[in-house]
Amino acid sequence: MKRQIDILYKIQKIDTVIKSSEELKKRSAEEMQTAEASYRKAEAQHQAVQDHVASFEKQRRDRERDLAEAQSQKKKVEERLMLIKTNKEYQAALHEIETIKALIKDKEDLILESMDAMEGAKAEQKKSEAELSRARGVFEEKKRQIEVELKAYLDDVDRQRQERDGLTGQMQQLAPDIYAEYQRQMKAKNGRAVAVVSYEQCMGCSMKIPAQIYNEVMLGEKIVFCPNCNRILLVNIEEVDTGQ
Ligand SMILES: [Zn+2]
């Protein structure tokens, strides 16, 4: 009987690993999703800032072109000034030059405005670049963890799963009823059907085991349940860890 319980204990250890591996897998997938979402968000944010910078750049170029046009217009009027014969025409041309000069001043102010806006946008761009690189780093590290570390761990879990198939095969041959009870307890006890008894104490529920029951566990002739938590009891031998 002791042999069956040892097998059950091994199965339980593997079941514990399988359960936590599934939780880890789920958690990793969620972390990956979060990292990817913030990376995509940083990417979009950075793109928006870059578009902003580009639009200010275009605005400045447009305003510089307007300025150049106004300057050449002023030059033309000034050249015409030399050829003017009447005072009336002369006054009109001077007035036109004054109007263009005011226009030039406006254009120059607008260009300065564009340059200020551009400077602000460039500072923002630096920040969004840093955030993008940070988010990309987190995402890539998470991806690496999942593709390398988690995969290695899950491959090992798969090997244990195969080992478990062998063990359950043995159990089904040796004591199908005990294995059925184990499965029932696994569900009821949230993955802990077998408990080690250490110094007359059930390590599953921490209750002290009556001496007679403890002796039965030590004899290992039949399957013994903890009177408190109903777990299958296993004797504590040095090489078997407590599974805690
Ligand atoms: Zn117990």
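We did not get these values from a lab; they are worked out from the coordinates using the rules stated. Predicted, not measured: the structure shown is a model, and the values here were computed from it. Cβ: placed from backbone, ideal geometry, glycine included. Neighbour counts: every protein chain shown.
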Taking H placed 1.01 Å from N in the peptide plane, check which residues at least 5 places from Val224 or on another chain put their amide H under 5 Å from its amide H. Leu233
Phi angles of segment 173-188, converted by Karplus (6.51 cos²θ - 1.76 cosθ + 1.60, θ = phi - 60°) into ³J(HN,Hα) in whole Hz with x for Gly and Pro, give 7, 6, 7, x, 5, 5, 5, 5, 5, 4, 4, 5, 5, 4, 5, 5
Give me the mean projected area, in nm² to one decimal, of the convex hull enclosing the Cα positions of segment 1-86. 6.8 nm²
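Let me know the charge dipole size of the chain about its Cα centre in debye, to the nearest 20, where only the beta-carbon of Lys, Arg (+1) and Asp, Glu (-1) is charged.
On the way: 43 positive and 45 negative charges, 65 e Å.
Dipole of the chain, to the nearest 20 debye: 320 debye.
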Can you tell me which lysines have their Cα less than 16 Å from the Cα of Lys76? Leave out same-chain residues fewer than eight positions away. Lys101
Amide H partners (placed H, <5 Å) of Met207, local residues excluded: Cys202
Calculated from backbone phi, Karplus (6.51, -1.76, 1.60) coupling profile of segment 25-35 in Hz, x at Gly/Pro: 4, 5, 5, 4, 5, 5, 5, 4, 4, 4, 5
What residues have an amide H closer than 5 Å to that of Ser198, excluding those fewer than 5 places away on the same chain, when H is modeled at 1.01 Å from N in the peptide plane? Met203
Using only the Cα atoms of segment 102-244, build the gyration tensor, take square roots of its eigenvalues as a ≥ b ≥ c, and label the shape rounded, prolate or oblate: rounded if a/c is under 1.5, else prolate if a/b is larger than b/c, else oblate. prolate
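Placing unit charges on C-beta atoms (Lys and Arg positive, Asp and Glu negative, everything else neutral), compute the dipole magnitude of segment 177-235 about its Cα centre in debye, rounded to 20.
Values: 7 positive and 5 negative charges, 62 e Å.
Charge dipole of segment 177-235: 300 debye, to the nearest 20.
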Could you tally the net charge around Glu89, taking each other residue with its Cβ under 13 Å from the Cβ of Glu89, Lys/Arg +1 and Asp/Glu -1? +2
What relative contact order, as a whole-number percentage, does the chain give when Cα pairs under 8 Å and 6 or more residues apart are counted? 28 percent
Please go through the residue pairs Lys107/Lys127; Lys19/Lys222; Lys122/Lys142; Lys19/Lys41; Lys2/Lys189; Lys75/Lys107 and name each one whose alpha carbons sit more than 23 Å apart in this structure. Lys107/Lys127; Lys19/Lys222; Lys122/Lys142; Lys19/Lys41
In whole percent, the Cα-Cα distances of the chain spread across 10 Å bins from 0 upward as 7, 18, 14, 11, 9, 8, 7, 7, 6, 5, 4, 3, 1, 0
For segment 122-136, take each phi angle, set θ = phi - 60°, evaluate the Karplus expression 6.51 cos²θ - 1.76 cosθ + 1.60, and give the result in whole Hz per residue in order, putting x for glycine and proline. 5, 5, 5, 4, 4, 5, 5, 5, 5, 5, 4, 5, 5, 5, 5
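Output the relative contact order of segment 177-235, whole-number percent, from Cα pairs under 8 angstrom with separation of 6+ residues.
Details: 77 pairs, mean separation 19.0, N = 59.
Result for segment 177-235 is 32 percent.
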Positive-end residue of Tyr90, Ile100, Leu110, charge dipole of segment 33-166 with Cβ unit charges: Tyr90
Quick note, segment 177-235: a/c under 1.5 would make it rounded; otherwise a/b > b/c is prolate and the rest oblate (a ≥ b ≥ c, C-alpha gyration tensor); here it is oblate
